[in-house]
Amino acid sequence: MKTLLKNFVPVLLMTIGMTINGYAAGSGSDAAATPKMSPAQAQELMNRLEELKTMQPDNLTRSERKAVRKEVKQIKKTMRDYNGVYISFGALIIIVLLLILIL
């Protein structure tokens with residue numbers, strides 16, 4: 001059992017490493033194209049989003065509501081691009097299992 005574990009863990013780590021390197025190589029051009037945002041700018045966008053959510057749509061004209069919807073979509077898209085690293089559920093399970101096996 002220990003020999004199986006000793007052989008399985010390095011293979012698993014190499015497989016995870018190859019997928020991470022492959023993902024990083026594929027998304028390198030996208031990462032260079034998106035500008036970095038400071039936490040202060042992100043907080044400003046969040047504050048503006050909260051202001052837009054508290055607005056009463058009944059008091060706005062149709063064109064103003066359309067402009068508000070467009071602004072909210074743009075802010076959400078910008079914030080989505082700003083967010084950091086995503087980890088899949090499968091990778092999370094593998095990491096937890098490795099930690100259990102190692103510790």
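Values in this text are rule-based calculations from the coordinates and carry no lab data. Note that the coordinates shown come from a computational prediction; the quantities given were computed from them, not determined experimentally. Glycine also receives a Cβ, built like all others from the backbone with ideal geometry; neighbour counts cover every protein chain displayed.
The length gained by stretching the chain between Met37 and Leu98 to full extension, at 0.36 nm per residue less their Cα-Cα distance, is 18.6 nm.
Taking 7 Å steps out from each Cα toward its Cβ at Val9 and Lys73 produces label points 5.1 nm apart. For the stretch 56-103, the average shadow cast by the Cα convex hull is 5.6 nm², which is a quarter of the hull's surface.
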